[in-house]
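> Take this structure first; my questions come after.
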Amino acid sequence: MSSSKSSSMPAPHRLRTGLHHPVLRTWQSEAEVTLADIVYPIFLTAPRDAKEEIAAMPGQFRLGVDVVVDHLAPLVAGGLRALLLFGVLPDDACAKKDGTASYADAADNPVMEALPLLRNAFPDVLLITDVCMCPYTDHGHCGIIENEYVCNDASVARLAEIGVSYARAGAHVLAPSDMMDGRIGALKDACIAAGLEQVSVMSYSAKFASAFYGPFRSAAKSAPSFGDRRTHQLPPGAKRIANRALVRDIREGADILMVKPAMPYMDLIQDAAAQSSLPVACYQVSGEFAMIYHAAAAGALDLKAGVLESLTCLKRAGATILITYFAPQLVEWLGSSE
Ligand SMILES: [Zn+2]
């Protein structure tokens, strides 16, 4: 028999000696959220002077091209360093939708118009652009439909075209959110062929079919008109295929991996960080935002403590890039310490 373990293990109360002083507690923490980690998702729409609060996402707006710079200026001045841009068509512009999402990269698309304005107004801010067809297809799906199915190869070719248009308009990073096979390689190849080899690709690698997208769908008005996106988004219980998707995107040349949603999928964030040395982003989606916001509004938890804890734990799991709608509050809470 070996000797008793108790002689070689510290008594449990000795753990407290590492935590009794605020500086010691900081030293025990391996993850700290700073503004450099934060990406703020923005919804761009028409008309040009639009500023519509999104009912399901209090404090978040659909913004027109003429108001977006003024809206963001205080946040950028406060230390916000990265934006993720989404385009949203207003209800009266449905005629612009078609089977190939031709409005996605039309010259008067709000994202296409906003990119050069934002580059000029905020030269130090990183501009990430969502690349997908669903805001602009008449059926609301993320690709080109043939015989009631999304056609992978035709969709990938069109996505690469859209990505190059956004890169030419000023996007530093393209973030394809469609989950088609081959789109990372196609985007990289198309950018290189267009002389835009410096453009990075942030891949929505592990994107789950989630109930937590509900408020976003009302923000982006992007619920599909028939069927759903379950054939190209992962089932919530699927860990092994999610890992295969991560490996696929690493092999295709992704520069940044992303897991979406964030909090319910922290094991995949950990897996993504373990699988490669690429930076890992996670998207604290609209339903996670609403959950924390409304819990705080109901007095169930403190907003600042809840938001900071949620993001600190996503960093602890392995994410170094935190996409969150709480960016304005984080500028207020963390900006002065930058
Ligand atoms: Zn889509």
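The values are calculated or read from the model by the stated rules, or taken from the named source; none is laboratory data. Here the structure is a predicted model, which means the values were calculated and not measured. All Cβ positions, glycine included, derive from the backbone under ideal geometry; neighbour counts span all protein chains shown. These area figures cover heavy atoms from the full protein model, side chains too; ligands, DNA and RNA do not enter into them. Shrake-Rupley method; radii C 1.70, N 1.55, O 1.52, S 1.80 Å.
> Pairs of alpha-carbon atoms within less than 8 angstrom and 6+ residues apart define the contacts here; what relative contact order does the chain have, in percent?
This gives 18 percent for the chain.
> Specify the inter-centroid distance of segment 136-168 and segment 46-122, based on alpha-carbon positions, in whole Å.
For segment 136-168 versus segment 46-122, the Cα centre distance is 20 Å.
> Given Cβ point charges of +1 (Lys, Arg) and -1 (Asp, Glu) and nothing else, what value in debye, to the nearest 20, does the dipole of the chain about its Cα centre take?
That gives a dipole near 1300 debye.
> Carbon and sulfur together cover what percent of the accessible area of the chain at a 1.4 Å probe radius?
After summing per-atom areas, the C and S share lands at 55 percent.
> To the nearest 0.05, what FRET efficiency results for residue 309 and residue 70 with a Förster distance of 25 Å applied to their C-beta separation?
The calculated FRET efficiency here is 0.20.
> Oh, and also: Which order do the peptides 260-270, 321-331 come out in when sorted by mean C-beta neighbours inside 10 angstrom, highest first?
321-331, 260-270
> Give, in whole angstrom and from largest to smallest, the semi-axes √(5λ) of the equivalent ellipsoid of segment 258-338, with λ running over the eigenvalues of the Cα gyration tensor.
Semi-axes (√(5λ), whole Å): 23, 15, 10.
> What full-extension length gain, to one decimal in nm, is calculated for residue 329 and residue 301 as 0.36 nm per residue of separation minus the Cα-Cα distance?
8.5 nm
> Mind pulling the angle between the C-alpha long axis of helix 303-317 and the longest principal axis of the chain? Nearest 10 degrees, somewhere in 0 to 90.
In the chain, helix 303-317 runs at an angle near 90 degrees to the longest axis.
> Working out 0.36 nm times the residue gap between residue 209 and residue 193, then minus their Cα-Cα distance, what length gain in nm do you get to one decimal?
Stretched fully, the residue 209-residue 193 segment lengthens by 2.4 nm.
> Can you give the three extents of the C-alpha atoms in the chain along their principal axes, from longest to shortest, in whole Å?
75, 47, 40
> Next up: Have a look at segment 1-149 and give its Rg and Dmax from the Cα atoms, expressed in angstrom.
24.7, 80
> Separate question: Cα-Cα over 21 Å: which of 51/315; 188/315; 260/315; 207/239?
With Cα atoms farther than 21 Å apart: 51/315; 188/315.
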